[in-house]
Amino acid sequence: MTQRDRIAQYIQDRYAVEPEYLWTRYPNYAVFRQPASRKWFAIIMDVARKSLDLPGDGTADVMDLKCGPVLVESLLAQEGFRPAYHMSKSSWISVLLNETVPDEQIFPLLELSYDSVAPKIKKI
């Protein structure tokens with residue numbers, strides 16, 4: 001099973017969220033929404049390697065996750081993380097799904113992303 005498939009399965013099992021395939025032109029782009037807010041917390045895509053400044057031809061599987069600017073900056077210093085593809089580069093990060101970043105490192109980032117788009121509880 002590919003890392004892409006394992007992560008998608010983890011999201012379905014952990015958050016009870018099914019992937020949404022929104023674009024006919026991009027049949028492998030899977031969006032995951034936080035159920036209460038309906039906001040995206042993850043998107044898994046196959047992106048042209050050149051668009052990610054990666055060597056070689058073809059595509060690479062990546063997942064965009066929402067996180068804060070300080071975390072974005074910290075993650076970009078690590079192998080396997082790229083500036084967010086097609087999202088705000090200050091609050092999203094792209095994770096290469098090529099086994100460079102272990103699943104166990106991705107899971108807490110998913111949790112952070114999921115929580116960051118959840119409806120905020122209003123204080124009285």
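For region 101-124, taking the residues that are open to solvent by less than 50 Å² (accessible area, probe 1.4 Å) and assigned to a loop (DSSP other than H, G, I, E, B), the one that is farthest from residue 45 (Cα to Cα) is identified as 118. Do you know which of the residues in region 29-51 that are charged (D, E, K, R) and in a strand (DSSP E or B) is surrounded by the most Cβ atoms within 10 Å (Cβ to Cβ)? Among them, the one singled out is 33.
Evaluated against (1) touching a residue at least 40 places away in the same chain (Cβ under 8 Å); (2) under 15 Å from residue 4 (Cβ atoms); (3) among the hydrophobic types (A, V, I, L, M, F, W, C), residue 112 falls short on exactly one condition, (2). Residue 54 fulfils the conditions (1) over 19 Å from residue 28 (Cβ atoms); (2) open to solvent by less than 50 Å² (accessible area, probe 1.4 Å); (3) part of a loop (DSSP other than H, G, I, E, B) except for a single criterion, (1). Of the numbered criteria (1) touching a helix residue (DSSP H, G or I) at 6+ places or on another chain (Cβ under 9 Å); (2) more than 21 Å from residue 111 (Cβ to Cβ); (3) of a type in the set (D, E, K, R), the one residue 79 fails is (1).
Taking residue 90 as meeting all but one of (1) modelled with pLDDT under 90; (2) in contact with a strand residue (DSSP E or B) (Cβ under 8 Å, 6 or more places away or on another chain), write down the number of the exception. Going through the list (1) modelled with pLDDT under 90; (2) in contact with a strand residue (DSSP E or B) (Cβ under 8 Å, 6 or more places away or on another chain), residue 90 breaks only (2). Residue 17 - would you say it is assigned to a strand (DSSP E or B), closer than 13 Å to residue 110 by Cα and either of a type in the set (A, V, I, L, M) or without any contact (Cβ under 8 Å) to a residue 24 or more places away in the chain (or both)? The answer is no for residue 17. Quick check on region 13-21. Is at least one of its residues among the acidic types (Asp, Glu), at pLDDT below 95 and over 15 Å from the mean Cα position of the chain (by Cα)? No, region 13-21 has no match at all.
Checked against (1) modelled with pLDDT of 85 or more; (2) closer than 21 Å to residue 70 by Cα; (3) over 13 Å from the mean Cα position of the chain (by Cα), residue 100 meets all criteria but (2). Of the numbered criteria (1) more than 18 Å from residue 2 (Cβ to Cβ); (2) at pLDDT 90 or above; (3) not in a loop (DSSP other than H, G, I, E, B), the one residue 71 fails is (2). Before we move on, is residue 7 assigned to a helix (DSSP H, G or I) and among the β-branched types (Val, Ile, Thr)? The answer is yes for residue 7.
Select from region 5-25 the residues that are among the aromatic types (Phe, Trp, Tyr), more than 18 Å from residue 95 (Cα to Cα) and open to solvent by less than 80 Å² (accessible area, probe 1.4 Å) and list them in ascending order. Once the filter is applied, which keeps residues that are among the aromatic types (Phe, Trp, Tyr), more than 18 Å from residue 95 (Cα to Cα) and open to solvent by less than 80 Å² (accessible area, probe 1.4 Å), region 5-25 yields only 15.
The values are calculated or read from the model by the stated rules, or taken from the named source; none is laboratory data. Values in this document were obtained by computation on a predicted structure and should not be read as measured data. Because the Cβ atoms are built from the backbone with ideal geometry, glycine has one as well, and the counts that use them run over all protein chains shown. Only protein heavy atoms, including side chains, enter the accessible area calculation; ligands, DNA and RNA are left aside. Shrake-Rupley method; radii C 1.70, N 1.55, O 1.52, S 1.80 Å.
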